[in-house]
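Undergrad: My structure is below; once you've seen it, I'll send some questions.
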Amino acid sequence: MLRTAYSFLHDDDLSQDAVHDVFMNIVKRIRNVPDKTVDLTKSYLYIAIKHACIDILNKRKKNFVFDLDSQFSLHTDT
């Protein structure tokens, strides 16, 4: 799960946060986790980690602040 999260986020800390969020949600909703076959459980976990990564990316996008002054040096010679 950590490897999958890292492939989406490219950040170790955020990947660990995503895996943690998924496990916390699984604990809350343990009855929804399919336990009939390994393939179903693996698919469920993959989809859960994918959605957790998307949520983290969306939160980061909302908090992104672009500082125009630091990107362009404004000259007031005129």
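Undergrad: Please give the length that would be gained between residue 13 and residue 40 if that part of the chain were fully extended, namely 0.36 nm times their separation in residues minus their C-alpha to C-alpha distance (nm, one decimal).
TA: 7.0 nm
Undergrad: Which percent of Cα-Cα pairs in segment 3-56 sits in each 5 Å bin, short to long?
TA: 4, 23, 29, 22, 15, 6, 1
Undergrad: Report the trypsin sites (Lys or Arg not before Pro) located in segment 17-59 that are in a DSSP loop and have at most 15 other Cβ atoms inside 10 Å of their Cβ, or state none.
TA: 29, 36
Undergrad: While we're on this one: Could you give the nm distance between label points at residue 23 and residue 61, where each point is 7 Å from its Cα heading toward the beta carbon?
TA: Between residue 23 and residue 61, the label points sit 2.8 nm apart.
Every number in this text was worked out from the coordinates using simple rules, so none of it is lab data. Remember, it's a predicted structure, so these values are computed and weren't measured experimentally. Please note: Cβ atoms are built from the backbone with ideal geometry, for glycine as well, and neighbour counts cover all protein chains shown.
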